[in-house]
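Written below as structure tokens is the structure these notes are about.
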Amino acid sequence: MKQFVHELKGMMKLPKLDSFGKMLCVQPHPDDADISMGATIAKLSQKGIRIYYVTVTDGSAGTRDESLVGKRLAEIRKREQEKAAEILGVHELLWLEFEDLGDYSIEQVREKLIQIIRKIEPEIVFTVDPFAPYEVHPDHLKCGMSTAQAVSLYRLPKLVPGTTNHNVAAIGFFNTAFPNTFYPIEQEHLNKKFQAISQHRSQFDETSLQTLFFYLTEKSRAYSPMEGQLVEPFKVLPPMALHVVSEAYML
Ligand SMILES: [Zn+2]
């Protein structure tokens with residue numbers, strides 16, 4: 001079995017993150033990509049890779065303060081994400097504005113994402129891992145699944161009339177339990193990521209920010225295959241692994 005998985009890996013040619021010109025990051029809420037791959041985004045943007053964010057929901061449910069729930073919070077979070085994106089060097093922000101914790105479907109999001117993939121033509125699409133064993137947040141599950149389906153099916157006119165000759169070479173998952181890619185980052189990229197996360201003031205007070213920074217720093221050390229190196233872990237797969245290939249979680 002080990003040999004078979006090894007051969008499959010060779011056949012699938014897992015791509016390198018810096019080898020792309022355009023990257024699309026699809027996140028459930030404003031802040032998710034900054035938290036889970038902000039340092040990688042800062043580094044790739046420095047290297048000249050063009051980075052687009054798609055935020056699926058409006059973030060309007062992310063508070064315990066009832067007077068803020070809804071449009072008021074959505075506006076605040078949009079501004080926070082804009083500031084954070086500027087720090088990381090994200091080139092463009094796209095908003096799908098589905099209601100945070102709302103009654104929208106995977107199919108509705110998938111349709112929008114197929115249109116965006118055909119228009120922007122990214123070589124790699126990142127999203128949250130919908131297969132993470134203990135993830136329960138409905139927006140995260142729907143975001144990850146609709147993105148994975150869009151990356152698998154974006155050429156088919158049945159889902160959105162028309163087609164494309166563009167080739168998406170890879171999908172990357174963050175918040176994954178099955179990482180196969182450990183992207184090396186420097187302290188300066190981690191610092192930028194923390195600066196970006198700090199913009200999401202509606203989500204974090206000073207104490208929770210410090211706890212999050214501690215967790216993320218330790219995580220970037222712990223996942224590194226090399227002592228002293230910092231990384232962000234991802235699951236990167238070619239789109240063909242998203243259908244029928246039951247060994248994909250091992251690749
Ligand atoms: Zn989220």
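Since every read-out is calculated from the coordinates, none of them should be taken as a lab result. On a predicted model such as this, the values are computed, not experimentally measured, just so you know. Quick reminder, even Gly has a Cβ in these numbers, built from the backbone with ideal geometry, and neighbours come from all protein chains shown.
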Label 7 Å along Cα→Cβ of residue 188; region 50-86 residues with amide nitrogen under 18 Å?
86
Looking at the chain as a GNM with Cα springs under 10 Å, which of 81, 199, 187 has the largest mean-square fluctuation?
187
Long-range amide H partners of residue 180, meaning residues 5 or more apart or on another chain whose placed amide H is closer than 5 Å, are 234, 235, 236
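Only four residue types carry charge here, +1 at the Cβ of Lys and Arg and -1 at the Cβ of Asp and Glu. Report the dipole size of region 1-137 about the Cα centre in Debye, rounded to the nearest 20. Can you show the working numbers first?
On the way: 19 positive and 23 negative charges, 145 e Å.
So the dipole magnitude of region 1-137 works out to roughly 700 debye.
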Would you calculate the separation in nanometres between label points at residue 66 and residue 201, each defined as 7 Å from the Cα along the Cα-to-beta-carbon direction?
2.6 nm
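So how do 152, 208 line up by other beta-carbon neighbours within 10 Å, fewest first? Show your work: numbers first, answer last.
On the way: 152 17, 208 10.
Final ranking by Cβ density, sparse to dense: 208, 152.
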Which ordering of 220, 246, 198 is given by a fewest-first count of other beta-carbon atoms within 10 Å?
246, 198, 220
Selected from 181, 133, 162, residue furthest toward positive end of dipole (region 2-243; charges at beta carbon):
162
Only loop residues by DSSP count here, and only those with at most 16 other Cβ atoms within 10 Å; note down the trypsin sites (Lys or Arg not before Pro) in region 178-222 that meet that.
201
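Nothing charged except the Cβ atoms of Lys and Arg (+1) and of Asp and Glu (-1): what's the magnitude of the dipole of the chain about its Cα centre? Round to the nearest 20 debye.
With Lys and Arg at +1 and Asp and Glu at -1, about 820 debye.
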Cα centroid of region 176-243 to Cα centroid of region 104-162, whole Å:
22 Å
GNM top mover of 26, 90, 160 - the chain, alpha-carbon springs below 10 Å
160
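What percent does the relative contact order of region 2-243 come to when contacts are Cα pairs within less than 8 Å and at least six residues apart? It would help to have the intermediate numbers written out before the result.
Numbers: 441 pairs, mean separation 61.3, N = 242.
Relative contact order for region 2-243 comes out at 25 percent.
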Add -39500 (n - 2.57) for each DSSP H run of 4 or more in the chain, then divide by its residues: what number comes out at 222 nm, to the nearest 500 deg cm²/dmol?
-13500 deg cm²/dmol
Please list, in order along region 205-216, the HN-Hα scalar couplings obtained from phi with the Karplus expression 6.51 cos²θ - 1.76 cosθ + 1.60 (θ = phi - 60°), rounded to whole Hz, x for Gly and Pro.
8, 4, 5, 5, 4, 5, 5, 5, 4, 4, 4, 5
Excluding residues on the same chain fewer than 8 positions from residue 83, give the lysines whose Cα lies under 29 Å from its Cα.
16, 22, 43, 47, 71, 112, 119, 142, 192, 193, 219, 235
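Going highest first, how would you order 130-141, 10-21, 29-40 by mean Cβ packing within 10 Å?
Values: 130-141: 15.1, 10-21: 13.5, 29-40: 27.1.
So the peptides 130-141, 10-21, 29-40, ranked by packing, come out 29-40, 130-141, 10-21.
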Whether the chain is rounded, prolate or oblate, judged on the alpha carbon gyration tensor where a/c under 1.5 counts as rounded
oblate
